[in-house]
1. Take the residues in the stretch 286-306 that are within 29 Å of Val171 (Cβ to Cβ) and acidic (Asp, Glu), then tell me which one is surrounded by the most Cβ atoms within 10 Å (Cβ to Cβ).
2. Go through (1) of a type in the set (Gly, Ala, Ser); (2) buried (at least 24 other Cβ atoms within 10 Å of the Cβ); (3) out of contact with any strand residue (DSSP E or B) (no Cβ under 7 Å at 6 or more places or on another chain); (4) within 22 Å of Pro313 (Cβ to Cβ) and name the single condition Gly380 misses.
3. Yes or no: the stretch 136-155 includes at least one residue that is assigned to a loop (DSSP other than H, G, I, E, B) and touching a Phe, Trp or Tyr at 6+ places or on another chain (Cβ under 9 Å).
4. Output the number of the condition that Leu332 fails; it satisfies all remaining conditions of (1) among the hydrophobic types (A, V, I, L, M, F, W, C); (2) modelled with pLDDT of 95 or more; (3) farther than 14 Å from Pro313 by Cβ.
5. Scan the stretch 185-232 for residues that are in contact with a strand residue (DSSP E or B) (Cβ under 7 Å, 6 or more places away or on another chain), in a helix (DSSP H, G or I) and crowded, with 19+ Cβ neighbours inside 10 Å and jot them down.
6. Among the residues of the stretch 68-77, is there at least one that is surrounded by fewer than 23 Cβ atoms within 10 Å (Cβ to Cβ), out of contact with any helix residue (DSSP H, G or I) (no Cβ under 9 Å at 6 or more places or on another chain), under 30 Å from Gly146 (Cα atoms) and without any contact (Cβ under 8 Å) to a residue 12 or more places away in the chain?
7. How about the stretch 379-468: which strands (runs of 3 or more DSSP E) wholly inside it have at least 3 residues that are within 24 Å of Phe19 (Cα to Cα)?
Amino acid sequence: MTASPDPSAAFLSADFPSFPEDFVWGASTAAYQIEGAVTEDGRGPSVWDTFCAQPGRIVDGSSGEVACDHYHRYVEDIALMSELGLGGYRFSIAWPRIQPTGSGAANQAGMSFYDRLADDLLAAGIAPMATLFHWDLPQALQDEGGWLNRETALRFADYAQLMAERLADRVALWCPVNEPNVVTMLGHAIGQHAPGSALGLDALPVAHHLLLGHGLAVQALRAAGASAVGSANNHSPVWVDEQLLDHPALERTIADRIAADAYDALWNRLFVEPMLLARYPDGFAELMPGPVAQDLVTIGQPLDFYGLNYYNPTKIAAPGNAQPSASGPAPLPYSMVEIEGYPRTDFGWPVVPDGLREILVQLRDRYGSALPPVYITENGCSYSDGPDASGRVADQRRIDYLDSHLRAVRAAMAEGVAVAGYFCWSLLDNFEWAEGYRQRFGLVHVDYESQVRTPKDSFRWYAEIAAR
């Protein structure tokens, strides 16, 4: 059951900029965040199932066991997409639903689910964009070392081949790996995400194996006739405090800039440069497991598009006085600083629309002709607005957020950046990883007990953009 937005909700403003006719308006989700059905039809456990079962890992003690029950309600959700007027829908395929232990023959029940999803999307006139890995690694592979083990990249290639042979004729756009920097840093360097390892810079082999898995998947997808293969990388402009050169804290200022350069290399450049230039930023190749030169040839497969996920800039300062212990991991070479002077989402993230323009222009300036056309594969905000007494979800703050960020996209396009589409995060309120169900990013409100979907005012606003 769904409720409709109030017809008195805000319309698109008259001065909203125009976009090219072939610009793709889409929305994004991820399997573990919406599907539920984690023990049904042969699906195996993932690292997130294991992580959620560990006390204290998830803020509200929840898991993706049910989530939005999309596995059973995908027809209803596609109807919402159709009402929204989407031209594209980005979803992820749950690897443990296809290969319960991360290897071997495909689980046909899992394959059939994504068959039906792709077919029904196409029947609704919505182009599927499929992500192969959005963080839900089969637990059996984690038990063998996970992404620290080179073998996982090879198993990922086998999985990619299975999916390519099944869906390459219907999926319009493919993203092999979602946000490898987040998997590396939050999942393995600081332990905030699954699998919960706190390895510091000793997590760098994870980055290399994720990149190798990406390259091998690109090859497998292309061999099966995939029409367009790209990426979905998270990027953030890196800021430092501006200080005059004669400031008494000049030494500290220099240290801050060195730290910002280190963070920029780790977060932004470490993944894009192997993909687009087949090389690592200076100083990283020798830190990676080999054979690095040979692997970079595989990683640097030409891409048809570059997927960019943006949420906010990051402000960086020099690290504190923490020193590595004799047996502990190397500490990270930076510290994060709060960005002041901007409104914040309910997640506490600063709302900086021009940061999206800034990072798009920076990518163009850094990589020039090596940068293919860009899709904004994720951009969105968490606000907790729920239905009022009449059932309306008046989320004007989300409308303002999306409006300002889309204007930033258009400004970057005016500066010569080739942007082909925008996928809002997210279609539905969902399980927000370590935050559980406390953060709501959806254009559609989900009551997690009843599973009632209620389109928000932002849904109607975004539908008007898609209609234009």
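1. By that ranking, first place goes to Asp295.
2. (3) is the only condition that Gly380 fails.
3. yes
4. Condition not satisfied by Leu332: (2).
5. Within the stretch 185-232, Leu210, Gly213, His214, Ala217, Val218, Leu221 qualify.
6. no
7. Numbers: elements: 419-425, 444-446, 453-455.
So the answer is 419-425.
Results for (1) within 18 Å of Tyr159 (Cβ to Cβ); (2) free of Cβ contacts under 8 Å to residues at least 12 places away in the same chain; (3) not acidic (Asp, Glu), shown as yes or no for each residue.
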| position | (1), (2), (3) |
| --- | --- |
| Ala27 | no, no, yes |
| Ala37 | no, no, yes |
| Ser46 | yes, no, yes |
| Gly56 | no, yes, yes |
| Pro100 | yes, no, yes |
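The values are calculated or read from the model by the stated rules, or taken from the named source; none is laboratory data. These numbers come from a predicted model, not from an experiment. Methodologically, a virtual Cβ is constructed for each residue, glycine included, from the backbone with ideal geometry; neighbour enumeration extends over all protein chains shown.
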